[in-house]
Amino acid sequence: MRLLFAAALASTAAPALAAPMQYGGLALSPAGDRIATVDSGSGRAKIVVRAVKGGAVLASYDPCATCSYSGLTFAGDGALAFLARDRAKGVVALDIVEGGTVRTVATVAGIAQTPRFSPDGKRIALLVTIGAAKEAGAAQAGVRQVGEIGEKNDEQRLAVFDRAATLAPDAVAPVSPAGRYIYEYDWTPDGAGFAVTSALGNGDANWWVATLDHVDAATGAVRTIAKPATQLNFPRVSPDGKSVAFIGGLMSDFGSVGGDVWTVPLAGGTPVNVTEGAKATATSLDWTRGGLRATLLHGDQAEIVAVGDKGYAAPLFARPASFAAGDGRAAFSADGRVAAMVVQDYAHAPAIFAGAAAKPAQVTHDNDAVAPMVTARSVSWTNDGFTAQGWLLAPIGADPAKKAPMITIVHGGPAAASVPGFIDRGGAAELVRAGFYVFLPNPRGSYGQGEAFTAANRRDFGGGDLRDILAGIDAVEKIAPIDDARLGLTGGSYGGFMAMWANTQTNRFKAIVAGAGLSNWVSYYGTNGIDQWMLPFFGKTLYEDYEAYEKPSAIYHMKTARTPTFIYVGERDIEVPPTQSVEYWHALKDQGVPTSLVIYAEEGHGIRNPVNALDLQKRTIAWFEKYLGKAK
């Protein structure tokens, strides 16, 4: 449910635009002296190692001309491991760099992710899906639904390799038991086991009921540590091996991380919320020798903080931007004193920042000359006793005296947030390039204001959150030259639901684009591939509480829908099946409301094929220009 409009339209824009350098999968050495990233711009991606001080390039690696790279991780002695995936061959190699030479430790026939060295550096653990039928994650395109349904699932399991080994694909034997899907893991300090988040059965569907478990590294035996009442991410074991910390909260999907910081004894027990009541959202976590470190979304600020028994300390580093690293939002040295991350905002292309955690400095300058195409402004407003925040993007050089149309983009989720990212192509960039103002609200249900704010739309989809969005538009119109008669609305996934729903609740919008939206929560419950996600939000199953699912279903209110709506969805979307879009399209057609529906072949929960994405981009701009008028 976390599909974002910007991601859905992420394709090439004007051919003349040079792509900014991207720094993927950032890893920081335990000593805090080196950074590794997968650098990609206009040319082929490669692994680059830089010095933390000054950012000088120390080495680069591209051992496989047909591979993509991910999973960068350092050992305590400085050795670098990474994954090299050859999609054509259907294999992933676990490679290690020692003395400047790349050597393959193991080859997985399937997919793999998240390699990590053992504390003594002699072994490497890895999550493997041998013979995978699909990419990992429910947002990926699902397998064809033919034959006996639901009897076979991909299994992501833990494998452990001797660092000195060289194994063939048929020699890869997972240690964790069959039938259990491992989402995340962390070594225990003694190297004897792992703290993991895992669930039995279908890995796409059951993350919302995942438990915190211990897996024995030798036997694979599983012991439950805790069954939290929340979703959980980022299990991290304390350096003394006595405790496990994790981020727990109301989350929409694996990977859309936000909540409070909890701890529980590794031996088992009741988790304790150490940041209860905080007006911020933890987005990643690490347990260093210097203590717990977290990244937060706090209003419009991304922050690095230390976490103690009494909650968050004052921010070590903060700015209105987004942070990214390979294993979290920031990477830390073993002692917690050094931090590194990729930093960007709406007007500044990505750059690596590294150094003392309280004062990391910019160490790359590849993108310094990349000019912004928008001006961005953080906007806050109050509604129903809540304070919400969002971002207003305006075209560079927009005439402040000339009224202009505005498109509101509702993020996926609902537990997620629109955060700053450089705008240059696709999605919001193309709307701005066409002359539209763009508003990115974070209404109740979003991250950034604390867990109570995130949970405030539980059993109230389309209620308070829609009121917050409309109030946010009012706030924007007080500070920008927005033409209230030329408002558009769009979004994907939960944002697609909101677009469909708003059409039945208000006539304020004059054009709507709905991506992978939900029109009928009743039929959705029985046809999607991840129905467990709804239980934390609705409280009960459909069969126990039909009214709760009928109440926010646009399909029951179609007589009030009047706004022209373009609808799109992926053919193999298992998070929000295409039938939801077909139902809505059919209802609009019956009501005589202008509409168009495109189902993109082979796509999942997001339009990723560049040809399809470009087609979607053109259709979206054309739809808004048809019903709102050209902005330029």
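With 0.36 nm allotted per residue and the present C-alpha distance subtracted, the residue 547-residue 56 stretch has 170.7 nm of extension available. When the Cα positions of 541, 511, 247 are compared along the charge dipole of the chain, 511 comes out farthest toward the positive end, with charges on each C-beta of Lys, Arg, Asp and Glu. Computed over the alpha-carbon atoms, the range 468-613 gives an Rg to Rh ratio of 0.99, Rh here being the Kirkwood radius from the mean inverse distance. Could you work out the Kirkwood radius for the chain, taking every pair of different alpha carbons, averaging 1/r and inverting it, reported in Å? One over the average 1/r among Cα pairs gives 25.0 Å for the chain. Taking the protein heavy atoms of the chain in the context of the full set of protein chains, the accessible area attributed to carbon and sulfur is 53 percent at 1.4 Å.
Counting only other residues whose beta carbon sits under 15 Å from that of residue 525, what net charge do I get with K and R as +1, D and E as -1? Result for the neighbourhood of residue 525: -4. Spin-label pair residue 402-residue 366: with each label point 7 Å from Cα along the Cα-Cβ axis, the two points sit 3.6 nm from one another. In the context of the full set of protein chains, the range 502-632 has a per residue accessible area of 41 Å² (1.4 Å probe).
Given the convex hull of the Cα atoms of the range 293-404, what is a quarter of its surface area in nm²?
Mean projected area of the Cα convex hull: 9.9 nm².
The angle separating the long axis of helix 464-477 from the principal Cα axis of greatest extent in the chain is about 70 degrees.
Remark: C-alpha extents of the range 378-497 on the principal axes read 40, 28, 21 Å, sorted largest to smallest. If R0 equals 41 Å, the separation of the Cβ atoms of residue 103 and residue 209 corresponds to a calculated FRET efficiency of about 0.55.
Would you mind classifying the range 575-617 by shape? Square roots of the alpha carbon gyration tensor eigenvalues, ordered a ≥ b ≥ c; an a/c under 1.5 is rounded, otherwise it is prolate if a/b is larger than b/c and oblate if not. In terms of gyration-tensor shape, oblate. Any of 227/540; 478/559; 122/310; 46/618; 46/89; 359/478 with alpha carbons more than 28 Å apart? Name them for me. The answer is 478/559; 122/310; 46/618; 359/478. Sorting the Cα pairs of the range 280-340 by distance into bins of 5 Å, from 0 upward, gives 4, 21, 34, 26, 12, 3 percent per bin. One chain, two ends: residue 630 and residue 477. Fully extended at 0.36 nm per residue, the span grows by 53.2 nm beyond their Cα-Cα distance.
Ellipticity at 222 nm from helices only: DSSP H runs of n ≥ 4 in the chain, each -39500 (n - 2.57), divided by the residue count, give -4000 deg cm²/dmol. Calculate, for residue 168 and residue 335, the FRET efficiency according to 1/(1 + (r/R0)^6) with r their C-beta to C-beta distance and R0 51 Å; round to the nearest 0.05. Efficiency at R0 = 51 Å is approximately 0.85. Between the helical axis of 578-591 and the dominant principal axis of the chain, each derived from Cα atoms, what acute angle in degrees is found, rounded to the nearest 10? Here the helix axis deviates by roughly 0 degrees. Label separation (residue 484 vs residue 586): 3.8 nm, computed from points 7 Å beyond Cα along the C-beta direction. Across all Cα atoms of the range 371-445, the radius of gyration (one decimal) and Dmax (whole number) stand at 12.9, 39 Å. Entry for the range 159-266 at q = 0.15, 0.20, 0.21 Å⁻¹: log10 I(q)/I(0) = -0.64, -1.04, -1.12, Debye formula applied to identical alpha-carbon scatterers, no solvent contribution.
Here is the P(r) of the range 526-571: all C-alpha pair distances, binned every 10 Å from 0, give 20, 40, 34, 5 in whole percents. One Cα centroid belongs to the range 530-589, the other to the range 207-229; the line between them spans 34 Å.
Once every Cα of the range 558-632 carries one equal point scatterer and solvent is ignored, give the base-10 log of I(q)/I(0) from the Debye formula at q = 0.25 Å⁻¹, two decimals. Scattering profile of the range 558-632, log10 relative to I(0): -1.13. For the range 38-107, the Kirkwood hydrodynamic radius comes to 12.8 Å, computed from all pairs of different C-alpha atoms.
So, R0 is 30 Å and r is the distance between the beta-carbons of residue 224 and residue 387; what FRET efficiency does that work out to, to 0.05? Calculated transfer efficiency: 0.20. Based on protein heavy atoms only, the range 270-383 ends up with 43 Å² per residue of surface accessible to a 1.4 Å probe.
Taking 0.36 nm per residue of sequence separation and subtracting the Cα-Cα distance, how much length would be gained by fully extending the chain between residue 87 and residue 508, in nm to one decimal?
Details: separation 421, 0.36 × 421 = 151.56 nm, distance 4.66 nm.
Here the segment from residue 87 to residue 508 would lengthen by 146.9 nm.
Across every pair of non-identical alpha carbons in the range 442-524, the mean reciprocal distance, once inverted, gives a Kirkwood radius of 13.6 Å.
Using the Cα centre as the reference, give the magnitude of the dipole from point charges on the C-beta atoms of the range 365-427 (Lys, Arg: +1; Asp, Glu: -1; all else neutral), rounded to the nearest 20 debye. Before the final figure, lay out the partial values.
On the way: 4 positive and 5 negative charges, 52 e Å.
Dipole size: approximately 260 debye.
Packing-based ranking of 492-499, 176-183 yields 492-499, 176-183, ordered from highest to lowest mean Cβ neighbour count within 10 Å. Put simply, the amide H of residue 167, placed in the peptide plane, has neighbours under 5 Å in 106, 107, leaving out anything fewer than 5 places away on its chain.
What's the local net charge at residue 384, with K and R +1, D and E -1, over the other residues with C-beta under 9 Å away? Local net charge: +1. Annotation: amide H of residue 597 within the under-5 Å range of 567, sequence separation 5 or more or interchain, hydrogens built in the peptide plane.
Taking Cβ atoms as reference points and 13 Å as the exclusive limit, the residues near residue 320 contribute a net charge of -1, counting Lys and Arg as +1 and Asp and Glu as -1. To the nearest 10 degrees, how steep is helix 494-505 against the longest Cα principal axis of the chain, on a 0 to 90 scale? With rounding to tens, the tilt is 20 degrees.
The values are calculated or read from the model by the stated rules, or taken from the named source; none is laboratory data. Keep in mind that what you see is a predicted model, and the values were worked out from it rather than measured. Glycine gets a Cβ as well: all are built from the backbone with ideal geometry, and neighbour counts include every protein chain shown. With ligands, DNA and RNA removed, areas are computed over all heavy atoms of the protein, side chains included. Shrake-Rupley method; radii C 1.70, N 1.55, O 1.52, S 1.80 Å.
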